[in-house]
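Peer 1: I'd like to ask some things about the structure below.
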Amino acid sequence: MKVVITTSELRPLLAKKSSPKTRVLVPTMGSLHEGHLALIHRARKIARAEGVVILSLFVNPTQFDQADDLRHYPRALEQDLALCKKHGVDIVFAPESGDIYHSDHSVTVTESSLSQRLCGASRPGHFDGVCTVVLKLFNLTQPDVAIFGKKDYQQLVIIRRMVRDLNIPICIEGVETVREKNGLALSSRNQRLSEQQHSDAQRIRSALLAAQTAHQQGEKSAQSLLNTIRKIIESSELDVEIDYLELLDQDNLKPIETLSSPSIIATAVFYGPVRLIDNIELD
Ligand code: PAF
């Protein structure tokens, strides 16, 4: 496994793009957990033994709207490198911020529709930061395929839209959310939950599953499905607050009142200061 720190080291390594070997990128911000390992395994499978799996480790400053959040973002480089080696990554790209963003940079990507709701509503500029860095990573590594988790569903839909709208010749692959035994979606934020919050937070998954069951039994009203979820989450005895809970079209993230097309229920829930997100697809 090669570890590359600078963009200039990366260029000669990836220069021969005429090669038929599949190149797959897994963009991450590090602090890798089982969820990331699932992305790496999918990448390895797509690239096959002869292809190249590149994992980027970069805590992207432009997608943080609060300096504190950026400062406290967990970093675990040594551990991440060991995991990458163990799980078959070929190249780790771990650049410094100054190598990615020129001090006077003035060109960025803006997404003006899908990013206005859900997580984007309370994090202005977040998805523009994500799109900008992902486009940079695409340009630097020139993959055939890039892998993203479905846990950040809005991010996945926005990246797909960017690829479509900017004619980027890269296939975007979404990977199912990896969960703890109790159903809680894996996230580096889970480390910040108390034991009691951690155990209680499984109700988010239970609530989404209850809505899925109701849907399978014929319920088509968004209001009724969302009420089912709200009741379960809000019956917690802890300090729990729903930030958003919406039923949306899977492709354009527009709210749906009566289910007819493939949809998704997406939610963000605060456990004290820790914000957890999850979703469930209704096909
Ligand atoms: O999902 C993430 O970890 C980040 O948003 C990404 C895609 C690596 C961009 O910084």
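Peer 1: Seen from all sides and averaged, what is the projected area of the convex hull of the Cα atoms in the stretch 217-283, in nm²?
Peer 2: 4.6 nm²
Peer 1: Could I ask something else about it? Report the charge-dipole magnitude of the chain in Debye, nearest 20, computed about the Cα centre from +1 at each Lys and Arg Cβ and -1 at each Asp and Glu Cβ.
Peer 2: Charge dipole, the chain, about its Cα centre: 1000 debye, nearest 20.
Peer 1: Next question, about the same structure. Could you derive backbone 3J(HN,Hα) for the stretch 223-230 from the dihedral phi with the Karplus parameters 6.51, -1.76 and 1.60 (θ = phi - 60°), listing whole Hz in sequence and x where the residue is Gly or Pro?
Peer 2: 4, 5, 5, 5, 5, 4, 5, 4
Peer 1: Compute the signed sum of charges (Lys and Arg +1, Asp and Glu -1) over the other residues within less than 13 Å, Cβ to Cβ, of L248.
Peer 2: -3
Peer 1: Shifting gears a bit: Within 13 Å, Cβ to Cβ, of H33, how many net charges do the neighbouring residues add up to if Lys/Arg are +1 and Asp/Glu are -1?
Peer 2: My count for the surroundings of H33 gives 0.
Peer 1: Only four residue types carry charge here, +1 at the Cβ of Lys and Arg and -1 at the Cβ of Asp and Glu. Report the dipole size of the stretch 178-271 about the Cα centre in Debye, rounded to the nearest 20.
Peer 2: The dipole of the stretch 178-271 has a size of about 260 debye.
Peer 1: Under the Kirkwood approximation applied to all pairs of distinct alpha-carbon atoms, what is the hydrodynamic radius of the stretch 129-283 in Å?
Peer 2: For the stretch 129-283, the Kirkwood estimate is 16.7 Å.
Peer 1: At 1.4 Å probe radius, can you tell me the per residue accessible area of the stretch 136-266 in Å²?
Peer 2: With the other protein chains kept in place, the stretch 136-266 gives 51 Å² per residue.
Peer 1: Can you give me the relative contact order of the chain as a percent, contacts being Cα pairs under 8 Å and 6 or more apart?
Peer 2: Averaging sequence separation for qualifying contacts and normalising by length gives 17 percent for the chain.
Peer 1: Describe numerically, in nm with one decimal, the distance between label points set 7 Å from Cα along Cα→Cβ at R189 and at E219.
Peer 2: 2.5 nm
Peer 1: So, one more: Just list whichever of K86/K150; K45/K136; K151/K231; K150/K231; K151/K181; K45/K86 have alpha carbons separated by over 18 Å in the model shown.
Peer 2: From the list (K86/K150; K45/K136; K151/K231; K150/K231; K151/K181; K45/K86), the Cα-Cα distance tops 18 Å for K86/K150; K45/K136; K151/K231; K150/K231.
Peer 1: As a test question: what accessible area, to the nearest 10 Å², does Y153 have when a 1.4 Å probe is rolled over all protein chains in place?
Peer 2: 20 Å²
Peer 1: Tally up the carbon and sulfur contribution to the accessible surface of the chain as a whole percent, 1.4 Å probe, everything protein left in place.
Peer 2: 48 percent
Peer 1: Now for a different question. For E234 and N252 in one chain, what is 0.36 nm times their gap in residues minus the Cα-Cα distance, to one decimal in nm?
Peer 2: Computed gain between E234 and N252 is 3.7 nm.
Peer 1: Follow-up question, since we're still on this one. Which value, in debye to the nearest 20, gives the size of the charge dipole of the stretch 91-150 about its Cα centre, when Lys and Arg are +1 and Asp and Glu are -1 at the Cβ?
Peer 2: My answer is approximately 320 debye.
Peer 1: Which of L186, L37, S236 sits closest to the plus end of the dipole of the chain, meaning its Cα is farthest towards the positive end, when Lys and Arg get +1 and Asp and Glu get -1 on the C-beta?
Peer 2: The residue sitting farthest along the positive end of the dipole is L37.
Peer 1: So if R0 is 25 Å, what FRET efficiency would E34 and S8 give, r being the distance between their Cβ atoms, rounded to the nearest 0.05?
Peer 2: 0.15
Peer 1: Subtract the Cα-Cα distance of L77 and H41 from 0.36 nm times their separation in residues, and report this length gain in nm to one decimal.
Peer 2: Length gained, L77 through H41: 11.0 nm.
Peer 1: Separate question: Could you check which residue among P169, P95, P20 shows the biggest mean-square fluctuation in a GNM of the chain with a 10 Å Cα cutoff?
Peer 2: Of the options given, P20 has the highest mean-square fluctuation.
Peer 1: Using helices alone, what [θ] at 222 nm do you get for the chain, with -39,500 (n - 2.57) per DSSP H run of 4 or more residues, divided over all residues and rounded to the nearest 500?
Peer 2: -11500 deg cm²/dmol
Peer 1: Across bins of 5 angstrom width beginning at 0, how are the C-alpha pair distances of the chain distributed, in whole percent?
Peer 2: 1, 5, 12, 15, 18, 17, 13, 10, 6, 3, 1, 0
The values are calculated or read from the model by the stated rules, or taken from the named source; none is laboratory data. Since the model is a prediction, treat every value here as computed from it, not as a measurement. Cβ sites come from the backbone with ideal geometry, for glycine too, and all protein chains shown count toward neighbours. Heads up: the accessible areas ignore ligands, DNA and RNA and are worked out on the full protein's heavy atoms, side chains in. Shrake-Rupley method; radii C 1.70, N 1.55, O 1.52, S 1.80 Å.
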